[in-house]
Amino acid sequence: MDLQLSGRVVLVTGGSEGLGAAVCDRLVREGARVALCARNPRRLEDTAATLRSLGGEVLAVPADVSRAEDLERFVSAAHERWGRVDALVNNAGSASAKAFLSVTDAEWEEDLQLKLFAAMRAVRLTVPHLRAAGGGAIVNVLSIKAKEPGKNTTPSSVSRAAGMALTKVLSKELGPEGIRVNAVLVGMIESGQWERRAQAAGKPPEVLYAERSREAGVPLGRMGRAEEFADVVAFLVSSRASYVTGTAINVDGGLSGAV
């Protein structure tokens, strides 16, 4: 399926590694122009170089999305480079999960700044450009814990739930202007984080993947791949998803009991 993304400008936060890098790769292969940001300049440039080797038009901007001025610089740089913005993927985030009583105020604030406030600011900065382009798409990357939080999952599950509410509100407010807003809820996906856990345990990654997916009871019987997640995101930012908005799609192999 041609996603009709050729020449479209897509912004991806947290795009230097893992799921974010996979999204950038998929978008570049579809012909999109991609602006990505991340905190680690070296890792960011390495990823950008890889994307350029695929023939992609890429802009890499070092930025900490929890800082408003960094986000403003990122969005402005992308618009100045290409003169338009067609989509935003709010991917930046981290996994933080502890028992409620062990989470400090500072940890709550840090998590909310990174996962909620950063997404809010990025949307606020991007919407004027999406309006000028005649519409567009926003995808918020969340976790299945946003729908189905368990014990010892704060502050992340709460921040992600707020992100899902934000997605719904924005879809209703921006829909009349042709701006679609959706969320992708991630389950157990293969990543560098899991590979590091496997190394610490002295196991090959594929062994740990099989063990953890079996222990978790993933119906498809395995962990997901980053490119499978990226395929869903690319579809949602494309015009092929032109009648999809206000929804939160699980990419979890059926793990979550919530629909």
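Considering each residue of region 100-122 in turn, at least one proves to be over 22 Å from A137 (Cα atoms), assigned to a loop (DSSP other than H, G, I, E, B) and of a type outside the set (F, W, Y).
Would you check if there is a residue in region 187-208 being open to solvent by 10 Å² or more (accessible area, probe 1.4 Å), farther than 23 Å from K98 by Cβ, of a type in the set (K, R) and touching a residue at least 24 places away in the same chain (Cβ under 8 Å)? No, region 187-208 contains no residue that is open to solvent by 10 Å² or more (accessible area, probe 1.4 Å), farther than 23 Å from K98 by Cβ, of a type in the set (K, R) and touching a residue at least 24 places away in the same chain (Cβ under 8 Å).
Looking only at region 228-259, which residues are in a loop (DSSP other than H, G, I, E, B) and within 17 Å of the chain's Cα centre (by Cα)? Working first, answer last.
From region 228-259, those in a loop (DSSP other than H, G, I, E, B) are 238, 242-247, 252-259; that's our starting set.
Answer for region 228-259, where residues must be in a loop (DSSP other than H, G, I, E, B) and within 17 Å of the chain's Cα centre (by Cα): S238, T245, G246, T247, D252.
Taking residues in region 91-108 that are farther than 24 Å from A183 by Cα, and partners anywhere that are surrounded by 15 or more Cβ atoms within 10 Å (Cβ to Cβ), the pairs with Cβ atoms closer than 6 Å and at least 6 places apart or on different chains are F100/T154; V103/T154; V103/P155. Taking region 143-156 as the range and being outside any strand (DSSP E or B), of a type in the set (V, I, T) and over 21 Å from V181 (Cα atoms) as the test, only T153 passes.
Out of the residues in region 3-53 that are among the acidic types (D, E) and within 17 Å of the chain's Cα centre (by Cα), state the one that is surrounded by the most Cβ atoms within 10 Å (Cβ to Cβ). Let's see the steps before the verdict.
In the first step, residues of region 3-53 are kept if they are among the acidic types (D, E); the result is 17, 25, 30, 45-46.
Okay, now just the ones that are also within 17 Å of the chain's Cα centre (by Cα), so 17, 25.
On the way: E17: 18, D25: 21.
Per the stated criteria, the residue is D25.
Which count do you get for residues in region 144-158 that are open to solvent by 30 Å² or more (accessible area, probe 1.4 Å) and out of contact with any Asp or Glu (no Cβ under 9 Å at 6 or more places or on another chain)?
Within region 144-158, the first condition is being open to solvent by 30 Å² or more (accessible area, probe 1.4 Å), and the residues that meet it are 145, 147-152, 158.
Subset that is out of contact with any Asp or Glu (no Cβ under 9 Å at 6 or more places or on another chain): 145, 147-152.
Number of matching residues: 7.
Considered as a group, the residues in region 209-227 that are in a loop (DSSP other than H, G, I, E, B) and either open to solvent by 50 Å² or more (accessible area, probe 1.4 Å) or in contact with a Ser or Thr (Cβ under 8 Å, 6 or more places away or on another chain) (or both) include one that is nearest to V34 (Cα to Cα), and that residue is R225.
Checking each residue in region 124-142 for being out of contact with any strand residue (DSSP E or B) (no Cβ under 6 Å at 6 or more places or on another chain) and assigned to a helix (DSSP H, G or I) picks out R124, L125, V127, P128, H129, R131, A132. Considering region 54-90, the residues that are among the polar types (S, T, N, Q) and either open to solvent by 20 Å² or more (accessible area, probe 1.4 Å) or on the phi > 0 side of the Ramachandran plot (or both) include one that is nearest to the chain's Cα centre (by Cα), namely S66.
The lone criterion from (1) under 24 Å from V184 (Cα atoms); (2) among the aliphatic types (A, V, I, L, M); (3) part of a helix (DSSP H, G or I) left unmet by V65 is number (3).
Residues V139, V127: which one is under 15 Å from N90 (Cα atoms), crowded, with 23+ Cβ neighbours inside 10 Å and of a type outside the set (D, E, K, R)? Show your work before the answer.
Details: V127 fails: crowded, with 23+ Cβ neighbours inside 10 Å.
Going through V139, V127 in turn, just one is under 15 Å from N90 (Cα atoms), crowded, with 23+ Cβ neighbours inside 10 Å and of a type outside the set (D, E, K, R): V139.
Taking region 166-185, which residues are in a helix (DSSP H, G or I), open to solvent by 20 Å² or more (accessible area, probe 1.4 Å) and touching a helix residue (DSSP H, G or I) at 6+ places or on another chain (Cβ under 9 Å)?
So the first thing to find is which residues in region 166-185 are in a helix (DSSP H, G or I), and the list is 166-177.
Still in the list and also open to solvent by 20 Å² or more (accessible area, probe 1.4 Å): 166, 168-170, 172-173, 175-177.
Passing the criteria: L166, L170, E177.
The values are calculated or read from the model by the stated rules, or taken from the named source; none is laboratory data. Owing to the predicted nature of the structure, the values given are computational and were not obtained by experimental measurement. Glycine gets a Cβ as well: all are built from the backbone with ideal geometry, and neighbour counts include every protein chain shown. The accessibility values were calculated without ligands, DNA or RNA, using every heavy atom of the protein model including side chains. Shrake-Rupley method; radii C 1.70, N 1.55, O 1.52, S 1.80 Å.
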